[in-house]
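After the structure tokens below, expect a handful of questions from me.
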Amino acid sequence: MVRILHDGRRYSLEDHRGEASLLDLMKWQMEGNRARWPWRVSNRGFPPPPRRVEGDALKATWVGHATVLLQTRGLNILTDPFLSSRASPVPFAGPRRARPAALTAETLPPIDIILLSHNHYDHMDLPALRRIARRHAAHVVTPHGNARWVRRASSSFGIDELGWGDSVEHKGLRIHLTPALHWSKRGLFDANTALWGAFIVETPGGPIYFAADTGFGTGSTFSDVRGRFGPPRLSLLPIGAYEPRWFMHPQHMNPEEAVKAHNILESRASLAIHHGTIQLTDEAIDAPVAALKSALEQYSVDPASFLVPDAGETLDID
């Protein structure tokens, strides 16, 4: 069991590092091992997702990075909507996306629920939330300390803030916040003043798990989810932003660890996220998918159970 500590201002993980030290950050930047990404990757054209999906059917559309459109029970759920051209507090500098978002606030079907895992710029995109608020009557579910940021995007959002182990029911679905091995920071002096997490969405067709950003650790976060909720019908598992391992392993899984998580969860299907969109770390743009393929072979996992859709591709789950 992963324990989260709170001293009245900041959160921390017991026996686990989140944010790296400034010295380690400088050491990494001076190593000079960063692969060169293409300036721009064009998306293939796919038919738009349906407006709604009724009953227990489940469709998933990878929009890019950790943004996935989930459709079931007549509801549309969007995870960590990152749609802007940069993951940055300013539009002219900072990490730039090489792959454009496959859907925009204007082309998304009506969004009912937004699962917002934490406040890093590649997950909490305030300009995107602002555009979504203009066109969609969405309700945001997020960890403690993030509502103040969401309200900066728009006061029209309904918001539920949760702690680890908390849950809320919205439009017939029970949403739980579960632990993740990560950290939070939005400005220069607010490290870990807001909580972070992963989500379980309980549906009549089975639970959906959104791992968001997380390290692997001992794997206990995944075994705890499996023990409490049963095997997920679908798990959204991050496979990118993992090199160099000495620096990134506490906060981001690599593809091999994602396969281990898939096995621990006994996930009926998993979908690769957090790759191929924006360069945050050293690996090449296509390295996560290639490493995932090797790991699936190494652990004798059916590739059909770990999905790697193109941006904009809508998949029928089950």
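The values are calculated or read from the model by the stated rules, or taken from the named source; none is laboratory data. These numbers were taken from a predicted model, which means no experiment stands behind them. Quick reminder, even Gly has a Cβ in these numbers, built from the backbone with ideal geometry, and neighbours come from all protein chains shown. For the accessible areas, the whole protein counts, side chains as well, though only heavy atoms, and no ligand, DNA or RNA atoms are used. Shrake-Rupley method; radii C 1.70, N 1.55, O 1.52, S 1.80 Å.
Leaving ligands, DNA and RNA out of it, rank Asp160, Asp286, Asp112 by accessible area with a 1.4 Å probe, largest first.
Heavy-atom accessible area, descending, gives Asp286, Asp160, Asp112.
Treating each Cα of the stretch 72-140 as an identical point scatterer and ignoring solvent, apply the Debye formula and state log10 I(q)/I(0) at q = 0.15, 0.17, 0.20 Å⁻¹.
Once normalised to I(0) and log-transformed, intensities are -0.47, -0.59, -0.80.
Additional query: Sort Leu271, Leu5 by accessible area with a 1.4 Å probe, largest first.
Largest accessible area first, the list is Leu5, Leu271.
Please report, as a whole percent, how much of the solvent-accessible surface of the stretch 1-126 comes from carbon and sulfur atoms (probe radius 1.4 Å).
Using a 1.4 Å probe with all protein chains present, the stretch 1-126 comes out at 54 percent carbon and sulfur.
Check which residues have an amide H placed less than 5 Å from Leu58's amide H, if you skip close sequence neighbours.
Ile317
In addition: Straight-line reach from Lys185: which lysines fall under 22 Å, measuring Cα to Cα and dropping same-chain residues less than 8 apart?
Cross-link targets: Lys27.
Could you tell me, in Å, what Rg and Dmax come out for the Cα atoms of the stretch 1-62?
When restricted to Cα atoms, the stretch 1-62 yields Rg and Dmax of 21.7, 53 Å.
At a probe radius of 1.4 Å, what is the per-residue accessible area of Arg245, in Å² to the nearest 10?
50 Å²
Now for a separate question. Report the paramagnetic label zone for His170: residues of the stretch 36-72 whose backbone N is under 16 Å from a point 7 Å from Cα along the Cα-to-Cβ axis.
Answer for the stretch 36-72: 67-72.
Of the residues Leu129, Leu22, Leu70, which exhibits the maximal mean-square fluctuation in a Gaussian network model of the chain defined by a 10 Å Cα contact cut-off?
Highest fluctuation of the listed residues: Leu22.
Right, next: Which one, Pro49, Pro204, Pro250, has the greatest fluctuation when you compute a Gaussian network model over the chain with C-alpha springs under 10 angstrom?
So, out of Pro49, Pro204, Pro250, the one fluctuating most is Pro204.
If you don't mind, there's one more thing I want to ask. Using a 1.4 Å probe on the protein heavy atoms only, what accessible surface does Met26 show? Give it in Å² to the nearest 10.
Taking all protein chains as shown, Met26 has close to 100 Å².
Place a label point 7 angstrom from the Cα of Asp7 along the Cα-to-Cβ direction, then list the residues of the stretch 182-213 whose backbone nitrogen is under 16 Å away.
Under cut-off, by backbone N: 184, 189-195.
Could you give the length gained on full extension between Glu266 and Arg44, defined as 0.36 nm per residue of separation minus the Cα-Cα distance, in nm?
76.8 nm
How big is the stretch 163-318 along each principal axis, measuring the range of its Cα positions in Å and listing the largest first?
Taking max minus min along each principal axis of the Cα atoms, the stretch 163-318 gives 44, 41, 32 Å.
Using the beta-carbon distance between Ala304 and Leu23 and R0 = 51 Å, what value does 1/(1 + (r/R0)^6) give for FRET efficiency, to the nearest 0.05?
Computed FRET efficiency for Ala304 and Leu23: 0.70.
Quick one: what does P(r) look like for the stretch 126-232 with 10 Å bins over all Cα pairs, in whole %?
Per 10 Å bin, starting at 0, the Cα pair percentages come out as 14, 40, 35, 11, 0.
Report, in deg cm²/dmol and to the nearest 500, the calculated mean residue ellipticity at 222 nm for the chain, where each DSSP H run with n ≥ 4 adds -39500 (n - 2.57) and the sum is divided by the residue count.
When only DSSP H runs of four or more count, the value is -5500 deg cm²/dmol.
Further question on the same structure: Top mean-square fluctuation among Arg44, Arg268, Arg131, Gaussian network model of the chain, C-alpha springs under 10 Å?
Checking each option, the largest mean-square fluctuation is seen for Arg44.
Compute and list, largest first, the equivalent-ellipsoid semi-axes of the stretch 204-291 from the alpha carbon gyration tensor, each √(5λ) rounded to a whole angstrom.
23, 14, 9
Ordering Arg52, Arg9 by how much accessible area each has at a 1.4 Å probe, largest first, what is the list?
Correct descending sequence by accessible area is Arg9, Arg52.
Right, another one. Considering Cα pairs under 8 angstrom that are at least six residues apart, work out the relative contact order of the chain and quote it in whole percent.
20 percent
Output the antiparallel fraction of DSSP beta bridges having both residues in the chain, as a percent to the nearest 5.
If we restrict to bridges inside the chain, about 60 percent are antiparallel.
Any lysines with Cα under 20 Å of the Lys59 Cα? List them, leaving off those in the same chain fewer than 8 positions away.
Answer for Lys59, where 20 Å is the Cα cut-off: Lys171, listed by chain and number.
Do me a favour and compute the ellipsoid semi-axes for the stretch 221-261 from its Cα gyration tensor, root of five times each eigenvalue, largest one first, whole Å.
So the equivalent ellipsoid measures 23, 10, 7 Å along its semi-axes.
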